[in-house]
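**Student:** Below is one structure. I have some questions about it.
The values are calculated or read from the model by the stated rules, or taken from the named source; none is laboratory data. This structure is a prediction, so every number in the text was calculated from the model and none was measured. Every residue, glycine among them, receives a Cβ derived from its backbone with ideal geometry; neighbour counts consider all protein chains shown.
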Amino acid sequence: MDAKIVLLPGDGIGPEVTAEAVRVLHAVAQRFGHQFTTSSHLIGGCAIDAHGTALPDDTLAAAKASHAILLGAVGGPKWDSPTAKVRPEQGLLKIRKELGLFANLRPISVVPGLVELSPLKPEIVSGVDILFFRELTGGLYFGESGTRPAKDGSGEESFSTMIYSTGEIERIVRLAAQAARGRRKKVTSVDKANVLEVSRLWRRVFERVMKEEFPDVQSENILVDAAAMYLISRPTSFDVVVTENMFGDILTDEGSMLPGSMGLLPSASLGSSGPGLYEPIHGSAPDIAGQGIANPLATILASAMLLRHSLKLEQEAAAVEAAVHRVLKQGHRTKDLAAKDAPWVKTTAMGDLVIAALGK
Ligand code: IPM
Ligand code: MG
């Protein structure tokens, strides 16, 4: 097949890890007889430097015209001043919103044989296989916000609001429940219904959709504070988890520690139609940027999700995932994964190893 893939390497380690994923995609194209055309565009801090905006118009236009988008990471101390008018993160939030990417899939699994990478006990993490559905274009990150003179006279006060409509909740719950049908048929919804009005609506809609449309799928509700605890104490009890934007942001970072490193976790952001956006869940890691030591595996695994969800190339996606797992099982590690004083390989060497393993 012919596919147009837009690359948004972004800031920090973004360009380094994206480069390796692109090499893997081209190796896949060669091996399976596809043609992938890639073009690189600016987003985040580098876009602010060049154009004064975190999401230039031509980046958005190219993304809209593509089959899929592969993103590295955005942000860094250079653009981090609390008084900054434009922020790198706005680019990411805006492209998600503009493309209607309301569903953020974050799979978290502990690969058999790699249990030792986890900071948790093997008996807790072995067998972990969770698929998070984080709502991505609503809630606190997109609700009305502002700053005004404080009512108590102490200076200013600021507010951010969490808003969800019935329709926004229904569509993400449906996607989560459909995914559960192909897995262990269980969906956990995470909310804060004991305190938040918006969570009570979330829970009502979740329960209705599950009862009316997915009677064959088991469902449960867990409060977000308890969910944070169970994710560590009994992570194997989760199959599919569906939750609002901020809870999902926080819980998936926590969950990334189950397999041992954020450097291993990919994500896919999907809308009801159009291109999907694929990225590692880790950030731009400015402290190690430019040293060639970042772990490219999360972005390589994100490219596997791109092959699967946007290009419908399941066999190719599985081949990339198998290659990553083979390399890890052979004992190869990047710095973030290596035990103290154990040997590790640099970013491009890890890319080479995955490409070599692809052919096997
Ligand atoms: C993520 C990131 C972003 C988010 C930031 C960079 C805006 O943390 O993808 O999880 O909060 O969505
Ligand atoms: Mg996050």
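**Student:** Can you find a residue that is outside any helix (DSSP H, G or I), under 30 Å from R326 (Cα atoms), out of contact with any strand residue (DSSP E or B) (no Cβ under 6 Å at 6 or more places or on another chain) and of a type outside the set (A, V, I, L, M, F, W, C) anywhere in the stretch 25-38? Please lay out each step first, then the result.
**Tutor:** Keep residues of the stretch 25-38 that are outside any helix (DSSP H, G or I), which gives 33-38.
Keeping just the survivors that are under 30 Å from R326 (Cα atoms) gives 33-38.
Now drop any that are not out of contact with any strand residue (DSSP E or B) (no Cβ under 6 Å at 6 or more places or on another chain), which leaves 33-34.
Pick out the ones that are also of a type outside the set (A, V, I, L, M, F, W, C) and you get 33-34.
Scanning the stretch 25-38, I find at least one residue that is outside any helix (DSSP H, G or I), under 30 Å from R326 (Cα atoms), out of contact with any strand residue (DSSP E or B) (no Cβ under 6 Å at 6 or more places or on another chain) and of a type outside the set (A, V, I, L, M, F, W, C), so the answer is yes.
**Student:** For R106, are the conditions met, namely being within 16 Å of ligand 2 (Cβ to nearest atom) and part of a strand (DSSP E or B)? Spell out the reasoning first.
**Tutor:** Numbers: within 16 Å of ligand 2 (Cβ to nearest atom): yes; part of a strand (DSSP E or B): yes.
Against the criterion (within 16 Å of ligand 2 (Cβ to nearest atom) and part of a strand (DSSP E or B)), R106 qualifies.
**Student:** Looking at (1) within 16 Å of ligand 2 (Cβ to nearest atom); (2) under 28 Å from G76 (Cβ atoms), which one does V241 not meet, given that it meets all the others?
**Tutor:** (2)
**Student:** If I go through the stretch 213-236 residue by residue, how many of them are polar (S, T, N, Q) and either closer than 14 Å to K185 by Cβ or touching a Cys at 6+ places or on another chain (Cβ under 7 Å) (or both)? Explain how you work it out, then say what you get.
**Tutor:** Looking only at the stretch 213-236, we keep the residues that are polar (S, T, N, Q), and these are 218-219, 221, 233, 236.
Next, from what is left, pick out any that are either closer than 14 Å to K185 by Cβ or touching a Cys at 6+ places or on another chain (Cβ under 7 Å) (or both): 218-219.
Total satisfying the criteria: 2.
**Student:** Taking only pairs six or more apart or across chains, which ones have beta-carbon atoms under 6 Å, a first residue in the stretch 126-145 that is β-branched (V, I, T), and a second residue that is within 11 Å of ligand 1 (Cβ to nearest atom)?
**Tutor:** Cβ pairs passing all conditions: T137/R96.
**Student:** Give me the pairs, please: first residue somewhere in the stretch 306-330 and within 19 Å of T37 (Cβ to Cβ), second residue anywhere and buried (at least 21 other Cβ atoms within 10 Å of the Cβ) and hydroxyl-bearing (S, T, Y), beta-carbon distance under 6 Å, and either six or more positions apart or on two chains.
**Tutor:** Within 6 Å, the pairs are L306/Y278.
**Student:** For the stretch 119-156, which residues satisfy the criterion of being assigned to a strand (DSSP E or B), away from ligand 1 (no atom under 16 Å from the Cβ) and of a type in the set (D, E)?
**Tutor:** Answer for the stretch 119-156, where residues must be assigned to a strand (DSSP E or B), away from ligand 1 (no atom under 16 Å from the Cβ) and of a type in the set (D, E): D129, E156.
**Student:** Can you work out which of the residues in the stretch 143-167 that are of a type in the set (A, V, I, L, M, F, W, C) and over 22 Å from L231 (Cβ atoms) is surrounded by the most Cβ atoms within 10 Å (Cβ to Cβ)? I'd like the intermediate steps shown before the answer.
**Tutor:** Filtering the stretch 143-167 down to residues of a type in the set (A, V, I, L, M, F, W, C) leaves 150, 159, 162-163.
Retained after the next criterion (residues that are over 22 Å from L231 (Cβ atoms)): 150, 159, 163.
Numbers: A150: 11, F159: 10, I163: 13.
The selected residue is I163.
**Student:** What about E170, is it loosely packed, with under 13 Cβ neighbours inside 10 Å, part of a helix (DSSP H, G or I) and either without any contact (Cβ under 8 Å) to a residue 40 or more places away in the chain or among the hydrophobic types (A, V, I, L, M, F, W, C) (or both)?
**Tutor:** Details: loosely packed, with under 13 Cβ neighbours inside 10 Å: no; part of a helix (DSSP H, G or I): yes; either without any contact (Cβ under 8 Å) to a residue 40 or more places away in the chain or among the hydrophobic types (A, V, I, L, M, F, W, C) (or both): yes.
Taking the combined requirement at face value, the residue does not satisfy it.
**Student:** Could you check how many residues of the stretch 73-82 are away from ligand 1 (no atom under 12 Å from the Cβ), under 16 Å from D287 (Cβ atoms) and small (G, A, S)?
**Tutor:** Residues flagged as away from ligand 1 (no atom under 12 Å from the Cβ), under 16 Å from D287 (Cβ atoms) and small (G, A, S) within the stretch 73-82 amount to 0.
**Student:** I need every pair where a residue in the stretch 229-251 that is free of Cβ contacts under 8 Å to residues at least 24 places away in the same chain has its Cβ under 9 Å from the Cβ of a residue that is of a type in the set (F, W, Y) and surrounded by fewer than 24 Cβ atoms within 10 Å (Cβ to Cβ), sequence separation at least 6 or different chains.
**Tutor:** Within 9 Å, the pairs are S237/Y230.
**Student:** Given the options G331, G260, G290, G359, name the one that is surrounded by 16 or more Cβ atoms within 10 Å (Cβ to Cβ) and among the small types (G, A, S).
**Tutor:** On the way: G331 fails: surrounded by 16 or more Cβ atoms within 10 Å (Cβ to Cβ); G290 fails: surrounded by 16 or more Cβ atoms within 10 Å (Cβ to Cβ); G359 fails: surrounded by 16 or more Cβ atoms within 10 Å (Cβ to Cβ).
Within the list G331, G260, G290, G359, the selection yields G260.
Residues are listed down the side, and each one gets a yes or a no for (1) farther than 20 Å from A103 by Cα; (2) polar (S, T, N, Q):
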{"position": "S273", "(1), (2)": "no, yes"}
{"position": "H282", "(1), (2)": "no, no"}
{"position": "A304", "(1), (2)": "no, no"}
{"position": "L337", "(1), (2)": "yes, no"}
{"position": "V345", "(1), (2)": "yes, no"}
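**Student:** Taking the condition of being away from ligand 2 (no atom under 11 Å from the Cβ) and surrounded by 23 or more Cβ atoms within 10 Å (Cβ to Cβ), how many residues in the stretch 263-274 meet it? Spell out the reasoning first.
**Tutor:** Of the residues in the stretch 263-274, the ones away from ligand 2 (no atom under 11 Å from the Cβ) are 263-264, 266, 268-274.
Those still in the list that are surrounded by 23 or more Cβ atoms within 10 Å (Cβ to Cβ) too: 263-264, 266, 269-270.
Total meeting the criteria: 5.
**Student:** Further, regarding this structure: Would you confirm, using the coordinates I've provided, whether G283 is within 15 Å of ligand 2 (Cβ to nearest atom), outside any strand (DSSP E or B), in contact with an Asp or Glu (Cβ under 6 Å, 6 or more places away or on another chain) and not aromatic (F, W, Y)?
**Tutor:** Working: within 15 Å of ligand 2 (Cβ to nearest atom): yes; outside any strand (DSSP E or B): yes; in contact with an Asp or Glu (Cβ under 6 Å, 6 or more places away or on another chain): no; not aromatic (F, W, Y): yes.
In short, no.
**Student:** If you go through the stretch 222-247 one residue at a time, how many are surrounded by fewer than 16 Cβ atoms within 10 Å (Cβ to Cβ) and not aliphatic (A, V, I, L, M)?
**Tutor:** Going through the stretch 222-247 one residue at a time, the tally reaches 6.
**Student:** Test of understanding: among L297, L311, L337, L307, which residue is more than 16 Å from ligand 1 (Cβ to nearest atom), within 20 Å of the chain's Cα centre (by Cα) and modelled with pLDDT under 95? Before you say what the answer is, go through the steps one by one.
**Tutor:** Details: L297 fails: modelled with pLDDT under 95; L311 fails: modelled with pLDDT under 95; L307 fails: modelled with pLDDT under 95.
That would be L337, the only listed residue that is more than 16 Å from ligand 1 (Cβ to nearest atom), within 20 Å of the chain's Cα centre (by Cα) and modelled with pLDDT under 95.
**Student:** A further question follows. Would you mention how many residues in the stretch 323-357 are part of a helix (DSSP H, G or I) and among the acidic types (D, E)? Give the derivation first.
**Tutor:** The first filter runs over the stretch 323-357 and keeps only residues part of a helix (DSSP H, G or I), leaving 323-329, 347-357.
Restricting the remaining residues to those that are among the acidic types (D, E) gives 352.
So the answer is 1.
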